[in-house]
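Reviewing the structure listed below.
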Amino acid sequence: MRHKLGRRGLVAGATLAAALLAAPASQAQSPVTITFRFNDPEAPQMRAALDEFEKANPSIKVNMQRISWADMQQQYLREAATGTAPDVVHISFVQPRSFGGGKALRPLDDLIARDGAQMGVKGWNDFFARDLAEGPDGKTYAVPWTTDTFTMMYNTELFEQAGIKEFPTTWAGLRDASRQIHQRTGKAGWGFPAGSCATPSIWFYMNYYFWSDGPGWIDKDAAGKYVMGVTPEKATEALAYYNSYITEGHNPRSNLSVCLWGAPELVEGMLTGNTAMASMPDTVAIEILTKWDQRNPGKKRPFMTAPHPGGKNGSVTNFGGRMLGISPNSKNVEQAWALIKFLTKPDPTFKHYNNYTPAQRAAIDSRAWDAELAGYPKQLANSRSWGPYATGPVPIPFMWNAVGRAAGSVFIGEKTAEAAGRELHETIARELARLQR
Amino acid sequence: MHANAKGFVAFALVPAFFFLGAFYVYPFVFNLDISATDLDIFQLRDGGRWIGLENYVELLTSPGFRRVMFNTVIWLTVVGVTVRIVLGLALAFLLDSRTIRAWRLSTLTRILLIIPWATPPVVAIVVWRWILDPRVGAANQLLMWLGLIDQPIPFLADANWVWPSIIVIITWNTLPLVTLTFMASLQSLPGELVEAAEIDGASRMQLLRYIYLPHLKPAIIVMAMMSTFWTFNNFIYVWLTTGAGPGTFTNVMATEIYIKGFIDGRLGYSAAAGVVMAMIMTAFGMIYLRYVAARALVEEEDR
């Protein structure tokens with residue numbers, strides 16, 4: 001009996017040992033799951049791209065998390081501080097410096113040094129806005145992923161009805177055209193969103209106004225010190241300029257309740273022909289063209305795009321865009337890096353995520369633009385990085401919010417352009433002084 | 001008390017003290033500590049630098065502070081709470097009236113009254129934003145159809161309309177609780193008291209002044225105090241309705257704390273604003289309880 005049990009025990013033990021020995025091998029083959037926090041609205045398209053990644057990398061599964069751009073910063077920074085952030089994070093061009101400086105991203109220099117040549121279309125050196133990917137310590141904290149800029153889209157039929165042959169090239173000319181369209185057609189001219197929120201569109205338009213003629217809010221002097229580039233008078237001038245569209249009535253007061261450049265109200269205004277001009281990134285322009293085609297099959301599109309007006313510096317807008325980074329708490333760095341490398345390849349990612357342009361020169365040069373979007377490559381050629389805004393001490397969100405609040409006060413008649421311009425200048429100058437102390 | 005009983009009481013109080021300490025005292029002390037630093041949201045891993053009372057000095061001397069306090073105290077709290085109490089009283093009298101009872105509408109009106117209360121604030125705000133939208137909103141469509149306006153009004157972006165609009169939204173969502181509280185108090189009023197006064201020839205105004213309002217006084221006092229605390233601290237109604245705009249026109253203490261902490265990234269400054277806010281409410285609560293509530297409730301007991 002004891003002997004039989006012993007034999008049975010031996011067999012059972014051998015089986016158990018074999019199972020235990022086999023376990024690590026089977027575990028090693030089970031896929032590693034990484035999390036990817038994605039903030040754009042194109043979730044189904046991105047999921048399709050991630051499915052392709054999983055197919056090409058069977059040992060990696062990607063759990064896509066969603067959050068709005070408005071909430072992503074505070075959510076991510078909290079998680080990064082407590083070691084619970086997703087492996088791969090989707091951030092904007094303005095964030096790597098402050099995130100990297102706060103140790104909320106993993107430096108990528110070792111990975112780029114190893115794999116840079118295989119990245120994107122022509123390798124790491126072909127990516128642009130790489131300066132914005134650096135932290136204050138000079139290390140690279142993110143990989144530029146997509147890029148865009150704002151361009152003016154206009155309704156050619158309304159321009160024709162108003163007797164305007166060319167898109168204006170000066171700021172005064174743009175206002176004249178806007179006024180003329182309203183007077184002759186009864187439609188809105190430049191219907192820019194004039195509402196207040198933390199990330200209002202007016203921030204971009206005021207910067208374009210400044211940059212076309214001189215420096216922006218923050219500039220760097222010859223000694224490398226950050227200084228105020230805009231005077232109170234220039235701030236007042238810009239606020240008065242944009243306010244005149246509202247007081248003269250060619251930007252309807254209903255736009256005081258619209259804050260963002262891609263708001264449905266603005267898209268509908270362009271689609272219905274109630275608004276003659278809008279300024280927007282290419283993703284929104286593509287949305288307008290797509291919806292127009294759906295609603296008017298076979299009909300000619302009444303839209304064109306053109307660069308914003310300019311001054312002595314020409315027409316200058318900013319490179320906007322998205323980057324991808326790895327959180328400092330990621331335990332799956334290699335898998336996260338594999339995903340980033342995959343997503344920066346135009347094929348297949350941008351076949352699905354096709355409203356966006358990869359932030360690589362080769363990809364931009366080879367991108368085919370619809371005829372109506374011809375203004376975008378022209379505007380991109382004259383776009384600039386945030387420069388001293390991104391490298392300087394005052395966080396862009398602070399200035400963005402302050403500019404929007406000041407403009408909102410002027411647009412509703414609470415403050416004069418002069419008072420708001422002076423206060424806004426003081427607010428940013430005070431913050432600059434505090435942070436440089 | 002026997003030593004064993006004392007021990008049991010102490011033991012029974014441990015969970016209460018633990019939760020008070022963990023969820024009230026510790027966060028408050030932690031917040032107080034942060035308020036004396038320059039901690040910003042990008043440096044969470046490193047922590048902030050000790051700067052003493054600088055945040056408090058900056059807050060109390062900042063040009064926008066007076067405006068924020070005016071919005072919080074006058075518009076949000078005084079106007080908001082007063083409208084709620086007055087309308088709540090009026091509605092409670094109406095729904096408790098003999099006419100409503102005679103028409104057998106009591107149950108229906110109470111169900112209708114509960115609907116706004118059962119609506120989560122976020123949902124209520126989204127619905128109201130649609131109603132007040134200048135392009136497609138029902139309010140503008142109705143006013144234009146009636147011929148009262150010829151241009152839509154951007155209710156939430158117009159200086160003349162934005163505060164009244166916020167007050168309407170808050171009132172719609174929170175009025176039922178106030179009304180139901182007053183109705184419950186009204187229903188506890190002995191009927192013979194009213195009948196006796198009526199037999200003595202009391203007019204409706206005299207009934208209101210000498211019978212109903214004194215009876216409702218404790219409920220009004222408690223509801224006014226609770227509404228003041230809820231409203232003064234409230235973030236969601238203003239933030240989701242206007243984002244503290246247009247400009248800073250509807251910025252209140254709670255939205256200022258959020259903007260400074262999570263948009264400007266200045267968590268230390270934001271914590272200081274939170275401490276100031278808590279101190280204001282503590283002072284209000286103490287004064288209110290000492291001079292208003294206590295006196296009124298003692299009078300009520302003496303009657």
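Quick notes on this one:
- Selection status of A:Ser385, farther than 19 Å from A:Gly214 by Cβ and either in contact with a strand residue (DSSP E or B) (Cβ under 6 Å, 6 or more places away or on another chain) or not aliphatic (A, V, I, L, M) (or both): no
The rows are residues; the columns are (1) away from chain B (no Cβ under 13 Å); (2) free of Cβ contacts under 8 Å to residues at least 12 places away in the same chain; (3) under 24 Å from the mean Cα position of the chain (by Cα).
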position	(1), (2), (3)
A:Ala374	yes, no, yes
A:Pro377	yes, no, yes
A:Leu380	yes, no, yes
A:Ala407	no, no, yes
A:Val410	no, no, no
A:Glu414	no, yes, no
A:Arg430	no, yes, no
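- Just one of (1) within 14 Å of chain A (Cβ to nearest Cβ); (2) in contact with a Leu (Cβ under 7 Å, 6 or more places away or on another chain) fails for B:Ile166. It is (2).
- Every condition in (1) within 11 Å of chain B (Cβ to nearest Cβ); (2) more than 30 Å from B:Val162 (Cβ to Cβ); (3) touching an Asp or Glu at 6+ places or on another chain (Cβ under 6 Å) is met by A:Arg361 except one, and the failing one is (1).
- Test for A:Leu343: is it touching a helix residue (DSSP H, G or I) at 6+ places or on another chain (Cβ under 9 Å) and in contact (Cβ under 8 Å) with a residue 24 or more places away in the chain: yes
- When segment A:384-425 is filtered for residues that are surrounded by fewer than 17 Cβ atoms within 10 Å (Cβ to Cβ) and within 30 Å of A:Pro252 (Cα to Cα), the ones remaining, listed by number, are A:Gly413, A:Glu414, A:Thr416, A:Glu418, A:Ala419.
- When segment A:193-242 is filtered for residues that are at pLDDT 95 or above and touching a Cys at 6+ places or on another chain (Cβ under 8 Å), the ones remaining, listed by number, are A:Pro193, A:Ser201.
- Scanning segment A:283-300 for residues that are surrounded by 15 or more Cβ atoms within 10 Å (Cβ to Cβ) and more than 21 Å from A:Phe350 (Cβ to Cβ) turns up just one, A:Trp292.
- Test: residue in segment A:120-130 that is modelled with pLDDT of 90 or more, loosely packed, with under 15 Cβ neighbours inside 10 Å and under 20 Å from A:Ser385 (Cα atoms): yes
- One residue stands out among those in segment A:365-417 that are of a type in the set (Phe, Trp, Tyr) and within 22 Å of A:His308 (Cα to Cα): the one that is modelled with the highest pLDDT, which is A:Phe411.
- Any hit, segment B:103-112, residues being away from every other protein chain (no Cβ under 14 Å), over 30 Å from B:Gly245 (Cα atoms), touching a Ser or Thr at 6+ places or on another chain (Cβ under 9 Å) and exposed (fewer than 15 other Cβ atoms within 10 Å of the Cβ): yes
- Residues of segment A:205-227 that turn out to be surrounded by fewer than 24 Cβ atoms within 10 Å (Cβ to Cβ), farther than 14 Å from A:Asn318 by Cα and touching a Gly at 6+ places or on another chain (Cβ under 6 Å), as a count: 3
- For first residues located in segment A:92-105 and more than 9 Å from every other protein chain (Cβ to nearest Cβ) and over 14 Å from A:Gly321 (Cα atoms), partners that are basic (Lys, Arg) and surrounded by fewer than 24 Cβ atoms within 10 Å (Cβ to Cβ) and lie 6+ apart or on another chain with Cβ distances below 7 Å form the pairs A:Gly100/A:Lys139.
- Checklist (1) of a type outside the set (S, T, N, Q); (2) crowded, with 19+ Cβ neighbours inside 10 Å; (3) more than 11 Å from every other protein chain (Cβ to nearest Cβ); (4) part of a helix (DSSP H, G or I) applied to B:Val29, failing item: (2)
- The listed residues are B:Trp103, B:Trp75, B:Trp50, and the only one of them that is farther than 20 Å from B:Ala278 by Cβ and touching a strand residue (DSSP E or B) at 6+ places or on another chain (Cβ under 9 Å) turns out to be B:Trp50.
- One residue from B:Val83, B:Val68 being in contact (Cβ under 8 Å) with a residue 60 or more places away in the chain, within 14 Å of chain A (Cβ to nearest Cβ), surrounded by 14 or more Cβ atoms within 10 Å (Cβ to Cβ) and in contact with a helix residue (DSSP H, G or I) (Cβ under 8 Å, 6 or more places away or on another chain): B:Val68
- Scanning segment B:32-65 for residues that are closer than 30 Å to B:Pro246 by Cβ, over 27 Å from the mean Cα position of the chain (by Cα) and at the interface with another protein chain (Cβ under 10 Å from one of its Cβ atoms) yields B:Asp40, B:Ile41, B:Phe42, B:Glu58.
- Of the criteria (1) closer than 30 Å to A:Pro395 by Cα; (2) without any contact (Cβ under 8 Å) to a residue 60 or more places away in the chain, which one A:Lys291 fails: (1)
- Subset of segment A:60-85 that is surrounded by fewer than 19 Cβ atoms within 10 Å (Cβ to Cβ) and under 22 Å from A:Lys341 (Cβ atoms) - its residue that is farthest from the other protein chains (Cβ to nearest Cβ): A:Lys61
- Counting only helices (runs of 4 or more DSSP H) wholly contained in segment B:192-303, the ones carrying 2 or more residues that are without any contact (Cβ under 8 Å) to a residue 24 or more places away in the chain and within 14 Å of another protein chain (Cβ to nearest Cβ) occupy B:253-258.
- Number of the exception - A:Asp110 against (1) surrounded by fewer than 20 Cβ atoms within 10 Å (Cβ to Cβ); (2) within 30 Å of A:Leu435 (Cα to Cα); (3) out of contact with any strand residue (DSSP E or B) (no Cβ under 8 Å at 6 or more places or on another chain): (2)
The values are calculated or read from the model by the stated rules, or taken from the named source; none is laboratory data. Note that the coordinates shown come from a computational prediction; the quantities given were computed from them, not determined experimentally. Because the Cβ atoms are built from the backbone with ideal geometry, glycine has one as well, and the counts that use them run over all protein chains shown.
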